[in-house]
Amino acid sequence: MQMLRLYASNCAGKIKAAVETASRLQSTASGAAGHKFQTKEDKKEGTTYISMEKVTDSRGARKDDELCSLCTCNVPIKLTYKDVLILEQFMRDDGTVLPRQLTGLCKKQQLRMERCVMQAFWSGLFGDKYGTEADRAGYKRFNRYWKDDMSMYQLETKQRHGTWFYIKRYPTKNQQLFKNPLN
Amino acid sequence: MSQLWSKIRYGVRWNPAERLALATRALNLQKVKSIDISLDPLHHDNLSIRTFWHSIMAPKVRLTNPNVRVKTDIRNDRRAPFFVATLDDGQKLHFSTENMTAMDVIMNFNRLTGQPELGKAGTRPRAKI
Ligand SMILES: [Zn+2]
């Protein structure tokens, strides 16, 4: 980002465009006006030449009214952790989630997708497809199931109906245990 | 939130500084014979090659192969910086580091010299001298 700012100051007026495109950059190095770079490797006569070549972004910056792939009607229902086949499309082979610049989702859907991936791991729906490296130690070793993606954050206590009712049903203070003293 | 969460989200947040630090840990000059650095200090994009130069001069990296000859040519022609690394088997690596970040330089260098691109995180035992 610092580097980007440096470049942006070179071409005043294009700052906004640079920032817009930078949010979609995938390459590690970013230049002025959103040019992306990619490593190029040439082998000639025992010498390997490594340099950066310029790549143009074919899609350009996202427009304001452009919807992401989960907001449109392609997926009419809300994404849950049970939609494993959809979730897998946003994941790498090692079980990590792709960044938003690559998935092209909006912020809301990206976070929901990440939560769902975690829940799918925790509920054991991926099995050992992505290895057993996922941290399932302690209380996480049990499979767990949720109502929806936000219920991870809900700190609701479980209600056991009737407990209080049965405890305080009868007056318990100063009661004789046995009516008959001979007993 | 938890280890599980951060593990899944590992690739979501791109952290160049962390990767640079891990890449410099993996630096190993065992297969390198010499490195010739050539840069113009007044060129606008020479930070990456200076970072690379600094990190191969670190004592721990130098100890991996004390026989590496590092030669530097400071130019005054406003051309792009580059360095040439000569390997033991006569192969040469010519890096033109313009538009590269230091992380790119070191990760590519590691890969082409047969080292892992990123080193291990965490505390390391002290090197035995
Ligand atoms: Zn959306």
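The values are calculated or read from the model by the stated rules, or taken from the named source; none is laboratory data. Here the structure is a predicted model, which means the values were calculated and not measured. In this analysis, Cβ positions are derived from the backbone assuming ideal geometry, glycine residues included, and neighbour counts consider all displayed protein chains.
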The correct count of residues that are within 17 Å of B:Arg50 (Cβ to Cβ) and either surrounded by fewer than 22 Cβ atoms within 10 Å (Cβ to Cβ) or without any contact (Cβ under 8 Å) to a residue 12 or more places away in the chain (or both) in the stretch B:68-98 is 14
Evaluation of A:Cys116 against (1) among the hydrophobic types (A, V, I, L, M, F, W, C); (2) part of a loop (DSSP other than H, G, I, E, B); (3) in contact with an Asp or Glu (Cβ under 8 Å, 6 or more places away or on another chain) (one fails), failing number = (2)
Checked the stretch A:57-75 for anything more than 16 Å from the ligand (Cβ to nearest atom) and either among the aromatic types (Phe, Trp, Tyr) or at pLDDT 80 or above (or both); matches are none
Does A:Leu85 fit the bill of being assigned to a helix (DSSP H, G or I) and either within 11 Å of chain B (Cβ to nearest Cβ) or within 16 Å of the ligand (Cβ to nearest atom) (or both)?
-> no
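When the stretch A:146-156 is examined, which residues are found to be touching a residue at least 40 places away in the same chain (Cβ under 8 Å) and more than 16 Å from the ligand (Cβ to nearest atom)? Break it down stepwise before answering.
Within the stretch A:146-156, the first condition is being touching a residue at least 40 places away in the same chain (Cβ under 8 Å), and the residues that meet it are A:146, A:148-149.
Residues satisfying the conditions are A:Trp146, A:Asp148.
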Would you pick out the residues in the stretch A:119-145 that are touching a residue at least 12 places away in the same chain (Cβ under 8 Å), closer than 14 Å to B:Trp5 by Cβ and among the hydrophobic types (A, V, I, L, M, F, W, C)?
-> A:Ala120, A:Phe121, A:Trp122, A:Ala134
Within the stretch A:96-121, the residues that are more than 15 Å from the ligand (Cβ to nearest atom) and within 7 Å of chain B (Cβ to nearest Cβ) are A:Thr96, A:Val97, A:Leu98, A:Pro99, A:Val117, A:Met118, A:Phe121
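Residue-by-condition table, conditions (1) within 10 Å of the chain's Cα centre (by Cα); (2) surrounded by fewer than 17 Cβ atoms within 10 Å (Cβ to Cβ):
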residue	(1), (2)
B:Gln3	no, yes
B:Val12	no, no
B:Arg25	yes, no
B:Val32	no, no
B:Leu42	no, yes
B:Ser48	yes, no
B:Ala58	no, yes
B:Leu63	no, yes
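Any residue that is among the small types (Gly, Ala, Ser), within 14 Å of the chain's Cα centre (by Cα) and under 12 Å from B:Phe52 (Cα atoms) - is there at least one of those in the stretch B:100-111?
Within the stretch B:100-111 (the criterion being among the small types (Gly, Ala, Ser), within 14 Å of the chain's Cα centre (by Cα) and under 12 Å from B:Phe52 (Cα atoms)), the answer is yes, since at least one residue qualifies.
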Inside the stretch B:28-52, can you point out the residues that are within 24 Å of B:Lys120 (Cβ to Cβ) and either of a type outside the set (Val, Ile, Thr) or in contact with an Asp or Glu (Cβ under 7 Å, 6 or more places away or on another chain) (or both)?
-> B:Asn28, B:Leu29, B:Gln30, B:Lys31, B:Ser48, B:Phe52
Could you please give the count of residues in the stretch A:100-110 that are surrounded by 15 or more Cβ atoms within 10 Å (Cβ to Cβ) and free of Cβ contacts under 8 Å to residues at least 12 places away in the same chain?
-> 2
